[in-house]
Structures are given as C-alpha cells and as structure tokens.
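Below is one structure; the comments refer to it alone.
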Amino acid sequence: MNTATELHILLPVPTQMATRGSVKPFVNFNAKHDAEVLRKAMKGIGTDEDAVLMLLAARSNAQRQEIKAAYKKAFGKDLVKDLRSELGGKLEDLIVALMYPSILYDAHELHKAIKGVGTEDEVLIEILASRTCDEIKDIAKAYKKEYGSKLEKDIMGDTSGHYQRLLVILAQGNKEEGVDESRVEKDAKELFAAGEEKFGTDEDKFINILGNRSTEHLRKVFDAYKKIAGCDIEESIKDECTGNLEALLLAVVKCAKSVPAYFAEFVRESMRRAGTDDETLIRIMVSRSERDMLDVRAFYKKKYGESLYSTIQEDTEGDYQKALLYLCGGND
C-alpha cells in the first residue's frame, strides 16, 4: 500500500518551504523499524516517553504517516490510539497533533474551533490568514471529506457581519495572483478614503482589497498607503475597526508582510500571557516545524532579543518541553 499516494489530498507538496523547517525528513528512514521501536516503548509497564517523543519529533510528517501504516500492518493496532492511551496531558496533545497529516490537522483545528462551545475565533483567524491559497483549498477538501460539511457553510453558521464576509472570502483560497501595478496606487487611495479620510469606516473596501489581492500586490499597496496616510495601515485598522474584524484584518496585513514574523509574534503571545496558552503553542510549533520554523526563530530573536528555545525552556517543563524543543530545532 502506498501511503503517500493514499494521502495525497491531505499532504501538502512542500517545495521551497520545506527547506526553512526545523524538522527535515529523517535520512536513514525505516518505517517498520520505527514502528517496532514505538511498540517496544509502549509495551509493558510504563511508557518510555523519551523514546516516543525523540523518534516522532525527528521524523517528517510524511514519514510519520508511513510509520502509522507500518505499525498497523505489523501489530494490527492503531498507533494514534495506542499513543493516546499511553501518554497523557500536554505531551499527548502535542504527539497526537504531530501524527495528523498536516492539511488534515488544519481542518481538524478549524472544525474544533467552530463546533466547540462558542467559537475559537483566534484559530479561524490564524489559519485562514496565514495559509496559501492552495493549502486553503486542500484544507476545505479535507474538511468536507472528514466532517461531511462545507467549511464555508460552518463558518457562516458560527460568525456574522463584516468579520464573516472576510472569513468566507479567505476560505475560498481564490486570491488574485501577481501585482497589478496600475491598481496599487488606486487601492491605497481607496483604503485611505474608506478609513482615515472618512467619518465612520467603509469596511467593505477593506474587506474586498485585503481579502482578494495577492500578498505581493498588498505589500506594494501598504507602501503606497504609508506615503498617502503618513502611517502604517495597521495603525489605521486599529483606529477604524474593533473586535474580530480588527484582529482578522491585522492578521491578513501581517501575513502579507511576513508569515514567519506573524508567527514569531503569535508564539510569543501564547507564552507571555498569565499562564501558557498550550493549545496555540502546540498548533504553531507543529504547523510551522516543516514550513518556516527557522525564519520564525530568526524573527523572534530579532524582535524580542532572546531565543524562542530559551522562552520555551522558561515556560514549559518535562517531556512536553523536550518535545517542543525538538520541534524548535535549536537555540539561536
């Protein structure tokens, strides 16, 4: 059975992104051997958590899917179920998150955010603002396959107003491509007229431009905006909008400027609140580990003057901390 083929819809095809991850495919990989190591670590009295986390944190997502298949074939058991029954607490949450194919993990997190008690708006904002159009289309397909309902429909059932409109636009994964030089200045002026220059705010203009233009185009618009308005667009959004719409617009702007810088700030927030927001910390460390963790670390160091590694050391403990440090990949 070719696991990679079977999961093609759920696995992204990383090209240049993969080289900026802290987790790389393990070189002398042998799925059957890894499955045996994991079985041995979980069999008998007590579990060798160290062996489990060291192995799984050092394999790529595609390799973990192969290990899962090899484990089922060799022992007739579901690896994820065994991991759940043997591990506990935050370490269990982190290891189980690592075992999802990455696109399915995003779909799962979105579903949990929508279908739980209330809506976890932070999760919707983080995922829909930061993923590429291709990733979002794959997430929507995986969501439909896994949960039998459309992502867009579930978002609409759980949100409202301008915030809902922008989420739905982003959930299409249909942003324009490239830069339309003839429209850069026009977009900047329209944003200025819709906010700073107007009594009240024309939210629709912000939603249409920020929701539909490519990231390359938006960067040029933001430069032009600064010349016209005399301030960054983020400042105008903070002045003009509130609540979830403000948070989503800011996330779109930050991700257009730099996704790793956005996550550096976001991971900092997850640890520097009163108590650590472990759900967010886990989601960021897992989802960025093969994409751009090296860049997230670099932005983190530059902005906060300390390494992400040392912040994780201060804020977490035990095997959970060890696993996070593996995903972080090094101390800058």
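The values are calculated or read from the model by the stated rules, or taken from the named source; none is laboratory data. Bear in mind the structure is a predicted one, so any value in this text is a computation, not a measurement. In this analysis, Cβ positions are derived from the backbone assuming ideal geometry, glycine residues included, and neighbour counts consider all displayed protein chains. With ligands, DNA and RNA removed, areas are computed over all heavy atoms of the protein, side chains included. Shrake-Rupley method; radii C 1.70, N 1.55, O 1.52, S 1.80 Å.
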Dipole axis of region 181-239 (+1 Lys, Arg; -1 Asp, Glu on Cβ), positive-most option in Ala229, Asn208, Ser182: Ser182
For the chain, built as a Gaussian network whose Cα springs stay under 10 Å, the top-fluctuating residue of Ala256, Ala224, Ala97: Ala224
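Could you calculate the contour length gain from Arg84 to Cys231, that is, 0.36 nm times the residue separation minus the distance between their Cα atoms, to one decimal place in nm?
Working: separation 147, 0.36 × 147 = 52.92 nm, distance 4.99 nm.
Taking Arg84 through Cys231 to full extension adds about 47.9 nm, to one decimal.
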Where GluC sites (Glu not before Pro) in DSSP loops with at most 16 other Cβ within 10 Å are excluded, longest remaining stretch of the chain: 1-175
Helix 121-130 vs. the chain, principal-axis angle (Cα, 0 to 90°, nearest 10): 80 degrees
Reach of Lys40 by Cα under 20 Å, taken over aspartates and glutamates that are not fewer than 8 positions away in the same chain: Asp48, Glu49, Asp50, Glu66, Asp78, Asp82, Glu86, Glu92, Asp319
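Name the chymotrypsin sites (Phe, Trp or Tyr not before Pro) in region 208-268 that are in a loop by DSSP and that have at most 10 other C-beta atoms within 10 Å, would you?
On the way: sites: Phe222, Tyr225, Tyr262, Phe263, Phe266; in loops: none.
Sparse-neighbourhood loop chymotrypsin sites (Phe, Trp or Tyr not before Pro): none present.
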GNM top mover of Arg64, Arg291, Arg272 - the chain, alpha-carbon springs below 10 Å: Arg272
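Using the heavy atoms of the protein chains and a 1.4 angstrom probe, tell me the accessible area per residue for region 103-172 in square angstrom.
Values: 2950 Å² over 70 residues.
Per residue, region 103-172 has 42 Å² of solvent-accessible surface.
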Helix-only [θ]222 nm of the chain, DSSP H runs n ≥ 4, -39500 (n - 2.57) each, per residue, nearest 500: -21500 deg cm²/dmol
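Per 0.36 nm of contour for each residue apart, how much would the distance between Lys302 and Lys141 grow if the chain were fully extended, relative to their Cα-Cα spacing? All intermediate terms of the calculation are to be shown ahead of the outcome.
Working: separation 161, 0.36 × 161 = 57.96 nm, distance 3.73 nm.
Length difference between fully extended and current span is 54.2 nm.
Let me check I've understood the local charge: for Gly178, count other residues with C-beta under 13 angstrom from its C-beta, Lys and Arg +1, Asp and Glu -1. What total comes out? Numbers along the way, then the final one.
Working: positive: Lys175, Arg183, Arg213, Arg219, Lys220; negative: Glu176, Glu177, Asp180, Glu181, Glu216.
Value of the local net charge: 0.
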Above-threshold pairs, the threshold being 32 Å between Cα atoms, out of Lys81/Lys141; Lys32/Lys90; Lys43/Lys144; Lys145/Lys302; Lys153/Lys254: Lys43/Lys144; Lys145/Lys302
Carbon plus sulfur fraction of accessible area for region 142-278, probe 1.4 Å, in percent: 46 percent
Hull-based mean projected area of the chain, where the convex hull spans the alpha carbons, in square nanometres: 17.9 nm²
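Using the crude model of +1 on Lys and Arg Cβ and -1 on Asp and Glu Cβ, and no other charge, please compute the dipole size for the chain relative to its Cα centre, in debye to 20. Could the numbers behind the result be given before it?
On the way: 50 positive and 59 negative charges, 231 e Å.
Here the chain has a charge dipole of around 1120 debye.
What is the chain's relative contact order, in percent, from Cα pairs under 8 angstrom and six or more apart in sequence? Don't jump to the answer; show the numbers that get you there.
Values: 422 pairs, mean separation 69.9, N = 332.
This gives 21 percent for the chain.
If each residue of separation counts as 0.36 nm, what is the full-extension length gain between Ser182 and Glu92 once their alpha-carbon separation is subtracted? Walk me through the intermediate numbers first.
Numbers: separation 90, 0.36 × 90 = 32.40 nm, distance 5.19 nm.
Taking Ser182 through Glu92 to full extension adds about 27.2 nm, to one decimal.
Over region 181-239, what is the relative contact order in percent, taking alpha-carbon pairs closer than 8 angstrom and at least six residues apart? Write out the running numbers ahead of the final one.
Details: 44 pairs, mean separation 25.1, N = 59.
It rounds to 43 percent for region 181-239.
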Virtual spin-label span in nm between Ala274 and Asp202, 7 Å along Cα→Cβ: 4.3 nm
